[in-house]
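One structure below.
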Amino acid sequence: MLFDLAFYLPIVVALVAIVVAAIRILREYERGVVFTLGRFTAVKGPGLILLIPYVQQMVRIDQRTMVLDVPTQDVISQDNVSVKVNAVIYFRVVEPQKAVIQVEDYQQATSQLAQTTLRSVLGKHDLDEMLSQRDRLNNDIQDILDSQTDAWGIKVANVEIKHVDLDESMVRVIARQAEAERERRAKVISAEGEEQAARKLAEAAEILAQRTEAMQLRYLNTLSTIGAQNSSTIVFPFPIEFGSLLAALAQARGGEPPKGDPR
């Protein structure tokens, strides 16, 4: 009996070891790239899968969205301004077999490609575009990365430029430029207001010149406004036509024109 137990025990242990080595459990977000004698066989998972020990090998691939922080890059813009830029990339593996077969380390490869692409794309734009058109630059970088990583089975979902850092001298230059721009806009708005006011005054003068009664009503309205003011001095408007009338009467009587006559 002891002889039989000693004989079968190694066999049982070997069978258990083979079964344990053959069983793999993959989570919902994982896939297994299976190789049989070194050749790609299939992509399996999720759940329970069985492998032939020592004949088949499996590489686990995580298909969740990964966040890659691109290190700060020194970029020289098209207008020769040196800036430091960093970004973040969101990507995921959509074809596990390509991520394993076509590239040695897809995360490292994507990181290096993102760094060179960031410098290349931003170097073609001015500093103003880097600061004001980030959405367009993000889309350009994403399109380039997505097209180049497609052969690795990777989908780049989003690219975001986080910071564009400038030195202090350039910050002061931008502040002066912004101040000058605000002054220019203020002067333009003031000039446009003066132009509109002059145009309205010219239109009002034409209307008053066409109707004499309108001029009289305006004259009476001015007198009413002056009379409502609490002031010891009242400026009384003197119509030019009234002065001409007095001058004509003085001439008719043979006298001199009164003082203040425009003639």
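The values are calculated or read from the model by the stated rules, or taken from the named source; none is laboratory data. Not measured: the values here are computed from a predicted model. Cβ sites come from the backbone with ideal geometry, for glycine too, and all protein chains shown count toward neighbours. Surface areas here come from the heavy atoms of the whole protein model, side chains and all, with no ligands, DNA or RNA. Shrake-Rupley method; radii C 1.70, N 1.55, O 1.52, S 1.80 Å.
Conditions (1) closer than 14 Å to residue 73 by Cβ; (2) among the basic types (Lys, Arg); (3) not in a strand (DSSP E or B), marked per residue:
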| position | (1), (2), (3) |
| --- | --- |
| 99 | no, no, yes |
| 108 | no, no, yes |
| 113 | yes, no, yes |
| 120 | yes, no, yes |
| 128 | no, no, yes |
| 142 | no, no, yes |
| 156 | no, no, no |
| task | For region 134-155, enumerate the residues that are within 19 Å of residue 166 (Cα to Cα) and loosely packed, with under 14 Cβ neighbours inside 10 Å. | result | none
| remark: Conditions (1) under 30 Å from residue 165 (Cα atoms); (2) in contact with a helix residue (DSSP H, G or I) (Cβ under 8 Å, 6 or more places away or on another chain) -> residue 76 fails only (2)
| Residue list for region 44-69, filter: in contact (Cβ under 8 Å) with a residue 24 or more places away in the chain, open to solvent by less than 60 Å² (accessible area, probe 1.4 Å) and within 30 Å of residue 159 (Cβ to Cβ) | 59, 61, 62, 63, 66, 68
| Hey, does region 133-146 have a residue that's modelled with pLDDT under 95 and either farther than 30 Å from residue 65 by Cα or small (Gly, Ala, Ser) (or both)? | no
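Results for (1) under 30 Å from residue 141 (Cβ atoms); (2) among the basic types (Lys, Arg); (3) out of contact with any helix residue (DSSP H, G or I) (no Cβ under 6 Å at 6 or more places or on another chain), shown as yes or no for each residue.
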| residue | (1), (2), (3) |
| --- | --- |
| 23 | no, no, yes |
| 27 | no, yes, yes |
| 35 | no, no, yes |
| 47 | no, no, yes |
| 51 | no, no, no |
| 86 | yes, no, yes |
| 89 | yes, no, no |
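Could you tell me whether residue 26 is hydrophobic (A, V, I, L, M, F, W, C) and surrounded by 17 or more Cβ atoms within 10 Å (Cβ to Cβ)?
Details: hydrophobic (A, V, I, L, M, F, W, C): yes; surrounded by 17 or more Cβ atoms within 10 Å (Cβ to Cβ): yes.
Answer is yes for this residue.
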| List the pairs whose first member sits in region 158-187 and is surrounded by 10 or more Cβ atoms within 10 Å (Cβ to Cβ), whose second member is of a type in the set (Gly, Ala, Ser) and at pLDDT 80 or above, and whose Cβ atoms are under 7 Å apart, counting only residues at least 6 apart or on separate chains? | 159/87; 160/87; 161/87; 162/87
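Which residues, counting only those in region 66-83, are within 15 Å of residue 121 (Cα to Cα) and assigned to a strand (DSSP E or B)? Write out each step before concluding.
Of the residues in region 66-83, the ones within 15 Å of residue 121 (Cα to Cα) are 70, 72-83.
If the condition is that a residue be within 15 Å of residue 121 (Cα to Cα) and assigned to a strand (DSSP E or B), then 70, 72, 73, 74, 75, 76, 82, 83 are the ones that fit.
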| field | Qualifying positions in region 96-116 - touching a residue at least 60 places away in the same chain (Cβ under 8 Å), open to solvent by 40 Å² or more (accessible area, probe 1.4 Å) and over 10 Å from residue 152 (Cβ atoms) | value | 97
